[in-house]
Amino acid sequence: MSILPDLNGGKVAFGAEDSNGKMDAVYVKSLVEIPYNISVLQISQPLNSAEAEAPTAAPTLNVTAILSKQGCKAFSDLLIASGAQTTFEENVDGGLTVFCPTDAVINGFMPKYKNLTAPQKVSLLLYHGIPIYQSLQMLKTSNGVVNTLATNGANKYDFTVQNAGEVVTLETKVTTATITGTVKDEEPLVVYKINKVLLPRELFKAVLKAPAPKGAKVVADGPAADAPSDESVDQTADNNGVNKMDGGRLAVVALSLFYGVVMFS
C-alpha cells in the first residue's frame, strides 16, 4: 500500500501498491490507536488490488477426460453420448467413486447395451458410480450394500461390496465384478477398473442360485423272495406226509372192497 501525506488541504491519501501511483482513498479518522502496536484507520473507500482478490475456485475435475486417458475411453464415450456424464460431474466436488469397465469389457457388452432404451442406458451407466469418495481401503473395511448414482426411491439400484483378502468384488444379484486396478485416487475422486459391466437386477434378470444337487435316492432293496423258513418246510413235509397217508388208506380200502367182491362172487 502506498501512502501520500502531502495532498492539498493536509489530507492523507492511500493507494494500492500496484495502482501506478493512483491514490484511491483518503484518510477519514482514526478508530483505534495502540502505540507501537496497532492503529486502525478509516479511509474513504476500499483499496482494490488484483493480488488481493479472492482466488478463483479450482475447476471441477473432468471425469470423462480422466477416464479417456486411462483405458476407459469406451465407458467415457458412453457417458458423453447418453448425457450421464452431467450427473457424474455434478457429484465430483462432494465425493465420487467410479467403477469403470475396461474398453475390452465394454466392447463385448455392446450388443446387450444397444437393446436398452435411452433411460435404461442412463440408469445402467449411473449404476457405476457411488456419490461418495471410497478409497480401496475404505471398500475393504466397509463391506455391505451401497447405493449408487442411479438409486432413486423405489428403484434401489444398489449392490454389495465384498472382499476376500486383497480382492474386492461388487455383487449385483445378476453378476459379480472384481476391481482390477485403480485409475485415479485423489480425493474427492477415485476411479477403479473392473472386469465386468455391473448389471442391476432392475434391468436384467437375477441369476438364481442353483439348488444344491439332491443326493441320489437310495432305492431300498425290495424284499427278496422269501426263502422258506424251517417252519414252512416242516409244515410242507407234514402236509405231504398226510397226503401220502390219506392216499395209502384209500388204496387199502379199495383193495379190501375188491377182494370182498371176488370172494362172494
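Each reported figure results from applying straightforward, stated rules to the coordinates on display, with no laboratory input. Source: prediction; values computed, not measured. Quick reminder, even Gly has a Cβ in these numbers, built from the backbone with ideal geometry, and neighbours come from all protein chains shown.
Applying 0.36 nm per residue to the separation of VAL12 and ASN107 and subtracting their alpha-carbon distance, the gain on full extension is 26.9 nm. Modelled label positions at SER39 and ASP24, each set 7 Å beyond Cα in the direction of Cβ, lie 2.2 nm from each other. Could you tell me which of the pairs LYS112/LYS156; LYS69/LYS156; LYS114/LYS205; LYS112/LYS184; LYS114/LYS140 are separated by over 25 angstrom between their Cα atoms in the structure shown? The pairs that break the limit, which is 25 Å between Cα atoms, are LYS69/LYS156; LYS112/LYS184; LYS114/LYS140.
Peptide packing: for 90-100, 123-133, the average count of neighbouring Cβ atoms within 10 Å per residue gives the ranking 123-133, 90-100, highest mean first. For ASN195, put the label point 7 Å out on the Cα→Cβ axis and report which residues of segment 155-183 keep their amide N under 12 Å from it. It comes to 167-170, 176-181, nothing else. Working from label points 7 Å from Cα in the Cα-to-Cβ sense, the LEU47 to LEU136 distance is 5.2 nm.
Extension gain, LYS184 to LYS69: 0.36 nm times the residue separation minus the Cα-Cα distance gives 40.3 nm. Spin-label model, ASN62 to LEU31: label points 7 Å out along the Cα-to-beta-carbon direction sit 4.5 nm apart.
Find the relative contact order for segment 63-194 and round it to a whole percent, using C-alpha pairs within less than 8 Å whose residues are 6+ positions apart. Value for segment 63-194: 25 percent.
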